[in-house]
1. How much of the accessible area of region 1-48, probe 1.4 Å, is carbon plus sulfur, in whole percent?
2. May I ask you to evaluate 6.51 cos²θ - 1.76 cosθ + 1.60, the Karplus curve with θ = phi - 60°, for each residue of region 18-33 and list the ³J(HN,Hα) values in order in whole Hz, giving x for glycine and proline?
3. Give the shape of region 11-52 as rounded, prolate or oblate, defined through the alpha-carbon gyration tensor: a ≥ b ≥ c are the square roots of its eigenvalues, a/c under 1.5 means rounded, and otherwise the shape is prolate if a/b is larger than b/c and oblate if not.
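The values are calculated or read from the model by the stated rules, or taken from the named source; none is laboratory data. In this text the structure is predicted, and so the values were computed from the model without any measurement. Calculation scope for accessible area: heavy atoms of the full protein, side chains included, ligands and nucleic acids excluded. Shrake-Rupley method; radii C 1.70, N 1.55, O 1.52, S 1.80 Å.
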Amino acid sequence: MTGRHVGLALFLVVTVALASYGVLTTPDPRSVAEIGSADRFVCALPQDVGGYLAAPPPQ
């Protein structure tokens, strides 16, 4: 076998292994979403939003 054939065979083995793992395993069940009332949702105040930025704004 040439290096190209070995690489292709390895690729196919890995692909089949990953596909088999995805088919044979089951994910954890997700919780059911709820729709809450608008009164329960609170927006952050403008002075508090800066803590959520990846980089602080230039001064």
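1. Here carbon and sulfur together make up 67 percent of the probe-accessible area.
2. Coupling constants for region 18-33: 5, 5, 5, 4, x, 7, 7, 9, 10, x, 5, x, 8, 6, 7, 6 Hz.
3. Oblate.
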